[in-house]
1. With the requirement that a residue be outside any strand (DSSP E or B) and touching a Lys or Arg at 6+ places or on another chain (Cβ under 7 Å), what does the range 154-196 give you?
2. Taking the residues in the range 54-64 that are aliphatic (A, V, I, L, M) and modelled with pLDDT under 80 as candidates, determine which candidate is nearest to the chain's Cα centre (by Cα).
3. Just give me the residues in the range 184-203 being surrounded by 13 or more Cβ atoms within 10 Å (Cβ to Cβ), β-branched (Val, Ile, Thr) and over 30 Å from Leu281 (Cβ atoms), in sequence order.
4. Of everything in the range 92-131, what is assigned to a helix (DSSP H, G or I), within 30 Å of Ala215 (Cα to Cα) and either touching a strand residue (DSSP E or B) at 6+ places or on another chain (Cβ under 8 Å) or at pLDDT below 90 (or both)? Give them in sequence order.
5. Out of (1) more than 30 Å from Arg175 (Cβ to Cβ); (2) modelled with pLDDT under 85; (3) in contact with a strand residue (DSSP E or B) (Cβ under 8 Å, 6 or more places away or on another chain), the odd one out for Val319 is which?
6. Is it the case that the range 175-188 has a residue that's among the charged types (D, E, K, R) and at positive phi?
7. Go through the range 268-290 and give me each residue that's assigned to a strand (DSSP E or B), closer than 27 Å to Pro230 by Cα and out of contact with any helix residue (DSSP H, G or I) (no Cβ under 7 Å at 6 or more places or on another chain).
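The values are calculated or read from the model by the stated rules, or taken from the named source; none is laboratory data. Fair warning: this is a prediction, and the values are worked out from it, not measured in the lab. We place every Cβ from the backbone using ideal geometry, glycine too, and count neighbours over all the protein chains shown. Just the protein is used for accessible areas: all its heavy atoms, side chains included, with ligands, DNA and RNA removed. Shrake-Rupley method; radii C 1.70, N 1.55, O 1.52, S 1.80 Å.
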Amino acid sequence: MKFTPVQIVGSLVVLAVLAWVGKSAVHKFYTVPVATLDDEITRLQSTSDRITKELDNWIPAKIELRSFGATLLSREFDQTEHRLRTALQDIGKQVGLGNVRVSSSSPKPVRTPLAESRLRGRMLRSLADARDFAVVRGSFTGVGTLEQVATSLAFLQSQPWLHRIERVSIEPRGRERQAFEIDVGFAVAFAPDLCPKDAPDPTIVTPEEGVLEIARAFAARNVFVPPPPPPTPPPDVDPTPDTTPPPPPLPAQPPYDRWKVTGLIERRIAGETTSVEAWVLNLDSGERRELVPGDEVLGVTLVWVVGECGVFEFEGNRVVIHQGQTLADRVPADSVDCPGVEGVPSATGARTGEGE
């Protein structure tokens, strides 16, 4: 059988159309779905790996949450408030404070940090709106000797159920400055889901001996009370009268010994010192001054505060005065062990505006 040229051309056209249709069908019904499935498999594998990693981290996190839950006072707010007030009253009574008062507020829910991020998806948005725990804030006040007040603060800092100390104030009472009032602001976590069902009454933990030693040392210094004046020496008796005319009187020295450094303040943010202050008291007039770098008293200029060392400049020389000492007790900076003093600039250096 012979085919005409027209028949041959027509057959070739039909075959080309069928080939194009077949290729399109393969691309649409096989190549594209397979590529889509490969992408989906890759995405699911990545999600599976991420979930597996998160599950591996969940066990340590669960242990941490269980440990934190053991420090909670109760699942019920009324019982939490009752146990908190009772335990704090017991601490005040144990250290000998008088007029102990405890106040607390209603629980305030704390938002998760996820709320500040740009989240996508319904599940992540629901996590951002969740409230995992609340905070109960309050205050503890009492009156006693300086040692009793310092010991009460040591006890408060040692209690695991008192989750954060946010504020501490100690003020003398009366002219003799032998009684002091302490005011402590605190925060306690309230998370019923994490607290054990049978949570017991809180136990009063006794501070470590080292912590109590620090409290006793602080009380012994009592920077609130001026030191007693030195005793008057007995007069010298000379049987032989001296006819030598007295020398001209020396110029009066400034009363350096009547100005006492009562406080050295070093404020830090994220491990960096942002400002410093030195508090001084005139033992005769009772005048108080709060010095920032560049301020001076009787020619003694505050430069900086490094730990327990107040760095000053006097007559062009660098000197150090510790808390509780007077300006007369200044010593050369290179004769004391104060790490960090070497890097402090001069009073006219680059720390302009610090301490404000």
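1. If we filter the range 154-196 for residues that are outside any strand (DSSP E or B), which is where we start, we get 154-163, 174-178, 191-196.
Passing the criteria: Pro192, Cys195.
2. Among residues in the range 54-64 that are aliphatic (A, V, I, L, M) and modelled with pLDDT under 80, the one nearest to the chain's Cα centre (by Cα) is Ala61.
3. Matches in the range 184-203: Val188 only.
4. Across the range 92-131, the qualifying residues are Gly92, Lys93, Val95.
5. Val319 satisfies every listed condition except (2).
6. Of the residues in the range 175-188, the ones among the charged types (D, E, K, R) are 175-177, 181, 183.
Remaining after also requiring at positive phi: 177.
There is at least one residue in the range 175-188 that is among the charged types (D, E, K, R) and at positive phi.
7. Going residue by residue through the range 268-290, those that are assigned to a strand (DSSP E or B) are 268-269, 272-282, 288-290.
Filter once more, keeping what is closer than 27 Å to Pro230 by Cα: 278-282, 288-290.
Result: Ala278, Trp279, Val280, Leu281, Arg288, Arg289, Glu290.
One line per residue, one yes/no per condition, for (1) in contact (Cβ under 8 Å) with a residue 60 or more places away in the chain; (2) open to solvent by 70 Å² or more (accessible area, probe 1.4 Å):
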{"position": "Thr141", "(1), (2)": "no, no"}
{"position": "Leu153", "(1), (2)": "yes, no"}
{"position": "Arg173", "(1), (2)": "no, yes"}
{"position": "Glu208", "(1), (2)": "no, yes"}
